[in-house]
Amino acid sequence: MPAGIPARAERDQLGGLARGLAVIEVFGATRQRATIANIAAATGSSRAAARRCLLTLVALGYAETDGRHFTLTPRVLRLGGAWLASAALPGLIQPQLEAVREATGESCSAAILDGPDVVYIARAAARRIMSVTLAVGSRLPAHCTALGRALLSALPPRALEQHIAALTPEALTAHTRTTRPAIREAVAAARGQGYALVDEELELGLRSLAVPVRDGRGRCVAAMNIGVQASRADEATLHDTLLPALRQAAAALRHSIPG
């Protein structure tokens, strides 16, 4: 049962809907297609239940199959598109991302925290600097990204400890912090500085800087970042040239995002 939902409300939940959404979430950048056995193993369900979920998604147009493998169809974009269309936050943030891009010549993105990941909700791209293609809806691990650490730094202590305890951090490069004490230390540094700096932990050759985005009441609602090639910008350049642009944009958003 999802965290935060009282046990007495469990009888009001639709188990089939929950299983269907869990099946959709199995697919991603590292798994574009899957078999019934793959889905059953990933969701902890029986093969029969996984088969019913997949065939239902096919019947509704959210998936297709060649008889063995299943893949999602573009129709699933309606699910994320519904949130983007109804949420004001991406529209409020986008102009500021573009202003940062114009001021610095660097790509600027915004994300929110979703479980162990950050999810991109807006982006203004200047040039491609990563091997991973980033777009609205992309997910990256929070523990080794500047966006993630900026968001984690804004969590209350108890929520932060729960998040760190639930992590199974993977080393994406030789520089990735993967121990809980190291991640806790990095988040504490981000909280103290008011920004997060990640140096080649997500991808070799990539440095990233991020700041929390707060609403009119001071609550963190997102984070925004700049990512640069390490060969083009040392830490001093990030701090002295790029950080002020991010902070200026975050300050402007605090006045425009209702509390």
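Just a few scattered comments:
- Flag if residue 137 is on the phi > 0 side of the Ramachandran plot and within 18 Å of the chain's Cα centre (by Cα): yes
- Screening residue 236 on (1) among the aliphatic types (A, V, I, L, M); (2) modelled with pLDDT under 95; (3) surrounded by 13 or more Cβ atoms within 10 Å (Cβ to Cβ) shows it passes everything except condition (3).
- Of all residues in the range 14-34, those satisfying the criterion of being over 22 Å from the mean Cα position of the chain (by Cα) and surrounded by fewer than 16 Cβ atoms within 10 Å (Cβ to Cβ) are 14, 15, 16, 17.
- Meets criteria (farther than 24 Å from residue 126 by Cα and modelled with pLDDT of 90 or more) for residue 64: yes
- Count - residues of the range 210-232 that are modelled with pLDDT of 95 or more and touching a His at 6+ places or on another chain (Cβ under 8 Å): 0
- For the range 142-149, the count of residues that are crowded, with 16+ Cβ neighbours inside 10 Å, at pLDDT 85 or above and within 22 Å of residue 24 (Cα to Cα) is nonzero.
- Matching residues, the range 180-209, being at pLDDT 95 or above and among the hydroxyl-bearing types (Ser, Thr, Tyr): 195
- When residues in the range 227-259 are screened for being in contact with a helix residue (DSSP H, G or I) (Cβ under 6 Å, 6 or more places away or on another chain) and under 16 Å from residue 146 (Cβ atoms), 3 of them pass.
- If the condition is being buried (at least 22 other Cβ atoms within 10 Å of the Cβ) and not in a strand (DSSP E or B), then the range 211-233 contributes no residue at all.
- Selection of the range 188-202 for residues being out of contact with any Gly (no Cβ under 9 Å at 6 or more places or on another chain) and not polar (S, T, N, Q) yields 188, 189, 190, 191, 192, 194, 195, 197, 199, 200, 201.
- Looking only at residues in the range 132-153 that are of a type in the set (S, T, N, Q) and in a loop (DSSP other than H, G, I, E, B), the one that is farthest from residue 194 (Cα to Cα) is 133.
- Being in contact with a strand residue (DSSP E or B) (Cβ under 9 Å, 6 or more places away or on another chain) and within 23 Å of residue 169 (Cα to Cα) is a property that residue 190 has.
- The range 57-72, subset without any contact (Cβ under 8 Å) to a residue 40 or more places away in the chain and of a type outside the set (A, V, I, L, M, F, W, C), residue farthest from residue 40 (Cα to Cα): 61
- Test: residue in the range 201-210 that is without any contact (Cβ under 8 Å) to a residue 12 or more places away in the chain and exposed (fewer than 13 other Cβ atoms within 10 Å of the Cβ): no
- Taken over the range 37-72, the criterion of being of a type outside the set (S, T, N, Q), surrounded by fewer than 16 Cβ atoms within 10 Å (Cβ to Cβ) and outside any helix (DSSP H, G or I) is satisfied by 44, 61, 64, 66, 67, 68, 69.
- Residues of the range 175-200 that are hydroxyl-bearing (Ser, Thr, Tyr) and free of Cβ contacts under 8 Å to residues at least 12 places away in the same chain: 179 alone.
The values are calculated or read from the model by the stated rules, or taken from the named source; none is laboratory data. Since the model is a prediction, treat every value here as computed from it, not as a measurement. Neighbour counts are summed over all protein chains in view; Cβ atoms, including those assigned to glycine, are modelled from backbone coordinates with ideal geometry.
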